[in-house]
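S.K.: Dropping the structure in here first, questions after.
Read the figures in this text as sums done on the coordinates, not as results from a lab. Source: prediction; values computed, not measured. We place every Cβ from the backbone using ideal geometry, glycine too, and count neighbours over all the protein chains shown.
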Amino acid sequence: MNFSDQLEARFADMLGHYPTKRSVLVPFLLYTQDELGYLTDEAIEEIAQRLDLTALEVRNVISYYSMLRTRPAGKYNVQVCTNICCLLRGGEEILEHARKKLGVAVNKGISEDGVFSVEEVECIGACSWAPAMQVNYDFHENLTEAKVDEILESYRKKAQQ
Amino acid sequence: MADAPKLVNITVNGKKTTAPAGTLLIEACKQIGIEVPSFCYYPGLSLQGACRMCLVEIEKMPKLQTACTTPVAEGMVVNTESEKVVQSRKAMLEIVLANHPLDCPVCDAGGECELQDMTYTYGAAESKFIDIKSHRDEQQWSPVVFFDRPRCILCYRCVRVCGEGMDVWALGVQNRGQGSVIAPNKQDHLECEECGMCIDICPVGALTSGSYRYKTRPWEMNHVGTVCTHCGDGCLTTVGVRRSDTGMEIVRCDNRDKSGINGDFLCVKGRYAFDFAANQERITQPLIKRDGKFVPATWTQAIELVADKFKQVVQKDGPQAIGVIGSNRTTNEENYLLQKFARLVLGTNNIDHHRTADFPAFAKAISENKARTASMRDVFEAPAVLLIGNDPTEQHPLLAWQIRNNVRLHRSKFYIVNSQAIKLRRQATQFVQIPTGAEARFVDFLSGNDAAAGTLTQAGASNENLSQLRDALKGEQNLVVIFGSELRGADISALVKFAAPQNAKFICLGDYANSRGAADMGLFPDLLPGYATFAGAARYQQEWGADVPALVGMDLKQMFGAARDGKLKALYVVGSNPVSRYALDPFVLQAPFVVVQDMFMTETAIAADVILPAAFAYEKSGTFTSTCGDLQMLRKAGDVVSVKSDFEIVVRIAEKMGYDVRKLVPFGKGLRADMGQSRGAQSGEADRHSVWLQARGLEPKVSPFDPLATLDEIQRLIPGYDVSQINLVSGNDEHTQLVQIQNASIPSHPELVVPSNDTLFTSGTLGRYSTVLNSVMERRATGKEVAAD
Ligand code: SF4
Ligand code: SF4
Ligand code: SF4
Ligand code: FES
Ligand code: FES
C-alpha cells in the first residue's frame, strides 16, 4: 500500500535513526495513524512487512499503547483526563458533560455526524491546570462545562468550513 | 570445545553446593533437591521473570530475587523457605487466583494442573479478593486449539514455545498489565502448524485441545508410553486410554513426561492423529469376497481359507507363484516374521515393501567407509549439521525441531542444500538453492568434480557460494550429515566418502514410522535381515534350522508384472497400499488370490479376496527403528477386541498351513514357568510371577504370539541390533548401527524408491482417516511464512 510522499519520506528518514529496523515501529505507527485516522488492517500488514515483523507483533504493540487505535475516531478526538488531579477538580463531570453534549455513550464512541469522538484518558501532564482535556494534539485547560461547550462549538465550526 | 565453566560455591537453605558459573539459581537448587516453585520459567525457553513465583531471599540483596533469572555467584547464600519468601508466594498465588475462575471440576487440566498443585503446596486457605471476576467466553482458534481466557495466568510459555521452539510465532500478548491477553495471529483464529505444543506446555487449562477437551479426567485413563505411528522420527508418545464397549479407547496422546528423544515435542500427527483408530470406516471383522462382494466372516473361516489357498498355490504352482508385500508401519518383529514366513513357510524370496529411501545403498556406503550413523540425539548436540534435500519441517518434524534448537541453544552451524526454499533455511548458516533434481550433482561437486558446479549455479547458488560451502564443510569435524531420498545408490557412497574422514555421522531419511525397520529386517527379494545377500545365508539357515530358498525373488513391481502375466497366483499384502503408492493397475489383481491385512478399505484392499483386520502400532507391542536407527519399544495401549496384530495373524496362518510355529517364533525357550495358563493349586503363584514380570515391563516369552521372543532372535542375527534389551523395556532408545555381515556387494534398486511426499498434515492411509488432520487441512489457507524474531 502507498502512504503519502510526506510519510514515505519520514519513514525513510527514521530508518537511519535507530540501530534496528523494528525500533521504528512505534513512531511510525503514530504518524500513520495521524495520516489515516486509525491503523487499518492494510496498514498493519504493510508496516509489519516493511519492518520484518509479523502482523501479530504489530498488533501486540498497538494494543499496548492506548493512544494507538485500530478503529476510526471522530475528526476531533476529545480526550478527557480523569486521573487523580483532574478527578479532584471535576474531570469526571467534564467527561460526562462532553459525552451528553455530543451524544456519545460509550468510551471511544463517535458522534453521529462523525465529527467527534470522546475518550477517557489517563494523565496528560496538564495537572497544574486541571481539569484538562486534549482534542487531537491541542490542550484545553481549567475547564468548566461552559468552557467545554465553547471549545466544542469552535471545533464544530472548523469542521463545517 | 570450550573449557568447562568454573564451579562456584553457593549455600541454599544451609546446604553447601557448587554449580557451574552461569547456572540459574533455580536449576542449581533443583540439583540438590530443593524445589523453587515456578510458572513462567521453562528450561530451554528464553527467560521471562513474569510470574514472581520463584522469589527467594539472597543475603546482601535488599529485595527478594527471581531464582529463574539470577545466575549463581560465588559465595551466594540463599534461603528459599524464609518467612518472607513463604509470605510472598502466598500473595503471588492469591493475585493469580484473583481472577481465576476456579472451575477445576470441569477443567481439562484438573488433576494435572500446576496452579492446583502450587495452591495446594504453597497457597493460602483464604482469598481476600471479593471483586467480581471478569469473564470472557471460551474461543475456538483452530480445529486443534481452544482458548479459555479467564484461566490464563500469563506465564507466556505458549508464546515462547510457538515462536522460539517451533519458529511459527503465531501467538502474541496484547494489552498490558492485568488486562494482558494471549492473542492468535489472525485476530480471531490461528493459522499455524497445529502442533499443540502451546496446549501441552500451558501450566493450567487455558489452552485446550479440540480432541480432548471435556472428554475425560486424567485419573480415569491409563497412560501408556509408546512410539508414534506416523513419520520415521521415533517420537515417544504417552497414550491415554479408557475402557470402552469394544476394548480400550484412545483418548489422547501427549509427551508431558518429556520421555524419549523428543522431550516434550510432538507434531500435530503424534499428538492428535490417533483418531483414525476409532474411525467408523475401520474394518473390524475379517471379510471374504463372494460374488464380488465382501461378506463378514469369522477369524477361523478367514484364516482357514487363506491357509488352504496358500498351500494349494505352493503345491500346484510352486512357491514362485506367490508373493508377499510387507509394511513400513508394522513392528520389526512383524517384518522379520513376515520375511521368515515367506522364505520358510511359503518357500519364496518374493518379498518386498514400499521403499521410501535407498537403505541398502546406505548400508553399503556406511560399511564400506567404516562410517557411523547418527542418532536423533546427535542432531541436537552436533557442532554442525549438513542437510541435503528433503523438507524436515513437513516430513520430519522432530528432526526439524532438533536442528532448530541445536542452532538456537548451542549455536551449531547448519548448512542446507535444497532445490526449494525450505523453511529451515531460516536457521541456516548457509543455504544454497540448487536446481531441482541436482542433489546428486552437488555430491559429485563435493567429491571434487569442479565441473559439476557449472550445472548447479543459478540465482542463490553461485560458483562462489558452492566453493565456500565445500570449504566450510571440509573444515567441520564431527558433522552430522542428513540426506533425503533425492540421494540414492552410488551418490550415497560418494557423500559418505566425502564426509567420513571428518568423523561425520549420517542419517538417511525414509518416510513412515518403521521404514528403516522394514529394510533392516530384510523385506527384500534379494537381501536377508541385516542386508545380507544370499551368499551369507548359512548363518540364517543355522539359526532357522531350515534352508533359505536359493532363487532371488521378485520385487514389488515384478510381482505386479507377474500377476498381469498370470504367473502370480497369490499375493499377501500386509499393511501396505502398493496400488496407490506405485500407481499400479489394480486390475491385474483380479486373477491371483489376494489377501490384504489392513485397517481400512484401501485401493489395494478393494482388490482383495480376503481382508484381515489388523491392529496398528498403539494396539500392540514390539519395536520400531527410527529413520536414524534408534530402536524403541512399543507398548500396547489401545485395544479393539475384534482385530488381531499382524504378528498373530501371520503365526496363525503358518500354523493352519501345518507349519511348526516353534520354528517360526522361538517362544518358550529357556523359560519353563507356568504362567497361570493351567489352573491348579499353584496357579496363584504363577499369576503373581506373571504380574511381577509385567510390572517390570517384561513379558513372559511363552506364547507363540510374543514378539519379544522374535526380538531375541533378531538381536542374535543382526549385529547392529545387539543393544541392551533391559534399556529397551525401560522405555529408552538404543541406537543401532548398520553393520554389514559380509562384504558382498549389496544390490541396490534406486528406481524402486518412491517417497511418500507426506506433508505435516498427511500420513498415508492413516492420515486419510484422521478427522483432525482432515479438518486442519480444510481450514488451512495456503500457509504463508511469517517473519522471525
Ligand atoms: S499449535 Fe503449535 S504452531 Fe499453533 S499456536 Fe500452538 S504452538 Fe504455535
Ligand atoms: S495460555 Fe497458558 S501457557 Fe499461555 S500464557 Fe496463559 S497460562 Fe501461560
Ligand atoms: S515428528 Fe514424526 S514421530 Fe514425531 S510426533 Fe510427528 S509424526 Fe510422530
Ligand atoms: S491528572 Fe489530568 S492531566 Fe494529570
Ligand atoms: S518462574 Fe521466575 S518469575 Fe516466573
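S.K.: Find the relative contact order for the stretch B:714-760 and round it to a whole percent, using C-alpha pairs within less than 8 Å whose residues are 6+ positions apart.
M.R.: 28 percent
S.K.: Right, next: Would you be so kind as to identify which of B:ALA361, B:SER447, B:ALA472 lies farthest towards the positive end of the dipole of the stretch B:359-509, taking Lys and Arg as +1 and Asp and Glu as -1 on Cβ and the Cα centre as origin?
M.R.: The one lying farthest along the dipole's positive direction is B:ALA472.
S.K.: For the stretch A:76-160, what is the charge dipole size about the Cα centre, in debye to the nearest 20, if Lys and Arg each add +1 at the Cβ and Asp and Glu each add -1 at the Cβ?
M.R.: 140 debye
S.K.: Still on this structure, please answer the following. Angle between the Cα long axis of helix B:707-717 and the longest principal axis of chain B, 0 to 90 degrees, nearest 10?
M.R.: Between the helix axis and the principal axis of chain B, the angle is about 80 degrees.
S.K.: Go ahead and set up a Gaussian network model of chain A, Cα springs under 10 Å, then flag whichever of A:THR82, A:THR54, A:THR70 fluctuates most.
M.R.: Answer for the Gaussian network model of chain A: A:THR54.
S.K.: If you wrap a convex hull around the Cα atoms of the protein assembly as shown, how much volume per residue is inside, in Å³?
M.R.: Cα-based convex hull of the protein assembly as shown, divided per residue, equals 228 Å³.
S.K.: Bins of 20 Å, beginning at zero and ending with the bin holding the largest distance: percent of Cα pairs per bin for chain B, please.
M.R.: For chain B, the pair-distance distribution reads 15, 44, 33, 8, 0.
S.K.: Same structure, new question: For the protein assembly as shown, what is the mean residue ellipticity at 222 nm derived from helices alone (per DSSP H run of n ≥ 4: -39500 (n - 2.57); sum divided by total residues; nearest 500 deg cm²/dmol)?
M.R.: Result for the protein assembly as shown: -9000 deg cm²/dmol, rounded to the nearest 500.
S.K.: Now for a different question. Give the aspartates and glutamates whose C-alpha is closer than 20 Å to that of B:LYS15, dropping any in the same chain fewer than 8 places away, or say none.
M.R.: Within reach: B:GLU27, B:GLU35, B:GLU57, B:GLU59, B:GLU74, B:GLU81, B:GLU83.
S.K.: Just how large is the dipole of chain B about the Cα centre, in debye to the nearest 20, putting +1 at every Lys and Arg Cβ and -1 at every Asp and Glu Cβ?
M.R.: 340 debye
S.K.: Restrict the search to the stretch B:330-389; then list the trypsin sites (Lys or Arg not before Pro) that DSSP places in a loop and that have at most 11 other Cβ atoms within 10 Å of their Cβ. Please list the in-between numbers first.
M.R.: On the way: sites: B:LYS340, B:ARG343, B:ARG355, B:LYS364, B:LYS370, B:ARG372, B:ARG377; in loops: B:LYS370.
When the trypsin sites (Lys or Arg not before Pro) of the stretch B:330-389 are filtered for loop state and at most 11 Cβ neighbours within 10 Å, B:LYS370 remain.
S.K.: Calculate how many DSSP beta bridges within the protein assembly as shown are antiparallel, expressed in % of all such bridges and rounded to the nearest 5.
M.R.: 55 percent
S.K.: To continue, here is another question. Which cysteines in chain A lack any other cysteine whose Cβ sits under 4.7 Å from their own Cβ?
M.R.: A:CYS123
S.K.: Follow-up question, since we're still on this one. Please give the average number of partner chain Cβ atoms lying within 10 Å of the Cβ of each residue in B:181-194, rounded to a whole number.
M.R.: Taking all residues of B:181-194 together, the mean is 1.
S.K.: What GluC sites (Glu not before Pro) does the stretch B:274-345 have in DSSP loop regions with at most 13 other beta carbons within 10 Å? The partial results should precede the final answer.
M.R.: Working: sites: B:GLU281, B:GLU304, B:GLU333, B:GLU334; in loops: B:GLU281.
Passing sites in the stretch B:274-345 are B:GLU281.
S.K.: Further question on the same structure: Partner chain Cβ atoms within 10 Å, averaged over the residues of A:39-52 - can you pull that number for me? Mind dumping the intermediate values first?
M.R.: Values: counts 0, 0, 1, 0, 0, 0, 0, 0, 0, 2, 1, 0, 1, 4.
Per-residue shielding by partner chains comes out at 1.
S.K.: Continuing with this model, one more query. Which entries in the list B:LYS269/B:LYS423; B:LYS413/B:LYS505; B:LYS60/B:LYS84; B:LYS258/B:LYS340; A:LYS101/A:LYS157; B:LYS186/B:LYS215 go over 26 Å, if you measure between the two C-alpha atoms of each?
M.R.: Check vs 26 Å cut-off fails for B:LYS258/B:LYS340; B:LYS186/B:LYS215.
S.K.: Once the Cβ-Cβ distance between A:HIS17 and B:ARG242 is put in as r, and R0 is 56 Å, what FRET efficiency do you end up with, to the nearest 0.05? Please report the intermediate quantities before stating the final value.
M.R.: Numbers: r = 61 Å, r/R0 = 1.09.
My answer for the efficiency is 0.40.
S.K.: Using the crude model of +1 on Lys and Arg Cβ and -1 on Asp and Glu Cβ, and no other charge, please compute the dipole size for the stretch A:103-147 relative to its Cα centre, in debye to 20.
M.R.: Values: 2 positive and 8 negative charges, 15 e Å.
Approximately 80 debye in magnitude.
S.K.: Give me the percent relative contact order of chain B, please, defined on Cα pairs under 8 angstrom at least 6 residues apart.
M.R.: RCO, chain B: 15 percent.
S.K.: Separate question: What is the distance, in nm, between label points placed 7 Å from the Cα along the Cα-to-Cβ direction at B:ASP317 and at A:TYR64?
M.R.: Label at B:ASP317, label at A:TYR64, 7.3 nm between them.
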